[in-house]
1. Can you figure out the FRET efficiency of ALA178 with HIS134, using R₀ = 30 Å and their beta-carbon distance, to the nearest 0.05?
2. Ranked highest first by average number of other Cβ atoms within 10 Å, how do 171-179, 129-137 line up?
3. Bin width 5 Å, alpha-carbon pairs only: give the P(r) of the stretch 103-161 as whole percents, running from 0 to the bin holding the largest distance.
4. Ranking request for peptides 143-149, 3-9: highest mean number of other beta-carbon atoms within 10 Å first, then the rest in descending order.
5. Suppose R0 equals 41 Å. What FRET efficiency, 1/(1 + (r/R0)^6) with r the Cβ-Cβ distance, do LEU120 and ARG154 give to the nearest 0.05?
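Just so it is clear, none of the values below were taken in a lab; they were calculated from the coordinates. Keep in mind it's a predicted model, so treat the numbers as computed, not measured. No Cβ is skipped: glycine too gets one built from the backbone with ideal geometry, and neighbour counts run over all protein chains shown.
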Amino acid sequence: MEWFFLAVVFVFLGSVTFVTGAALIATTSMRRANRLLPGGRAGRTAPLRWLWSPGTGAVLHRRLRNACQLVTPIAVPSPPAQKLWRRSKPAPVDGITALAQEVLREALSLDDQVVAASRLGPGSHRSQAMAALHYQVSSVEDAARRVHQLAARRAQLARLPSEGTLSLEQRIAALEDAFGELSRPRQV
């Protein structure tokens, strides 16, 4: 009888431990999915219900998260593969990478504003704040799309034929064409 009681206690404790662990893992996973950046950051975070909520704040947060997902691989380039025993140098930051990092900073700042505005009481102040944030989120989305296109264009240019496949004359002509394009007035 004593063994049976101990077995029931152990099964109960094991069940409680399993359920608690599963709930903790699920919550952590959902919090990660709700972050703007992989790896996240300390500070204000969007409510977990914003993963599925149709509210204005939730929609703006998800749009910012999608914009961040578009530029994060550009803003945080992986360092070149090196031997494990060597200390890897940080990847160089070029103009496109700096732009992507700026888009991420803007998105993080806007997300904090979205969270703060969503906590305002219902009424005209909240709707006005959300309307202004809607415009700013659209601007960040556009910037993320444009930076992504620049990075794609850069990757495309990096795959151009190597020097060995083009003659000296062809390379000079290509550079002259490129400088000609850059010197033309830009039409907006």
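1. Numbers: r = 39 Å, r/R0 = 1.31.
It comes out at approximately 0.15.
2. Packing proxy ranking, top to bottom: 129-137, 171-179.
3. P(r) over the stretch 103-161, rounded to whole percents: 4, 17, 20, 16, 12, 9, 7, 6, 4, 3, 2, 1.
4. Values: 143-149: 17.7, 3-9: 9.1.
Ranked from most to least packed, the peptides come out as 143-149, 3-9.
5. On the way: r = 42 Å, r/R0 = 1.01.
Between LEU120 and ARG154 the formula returns 0.50.
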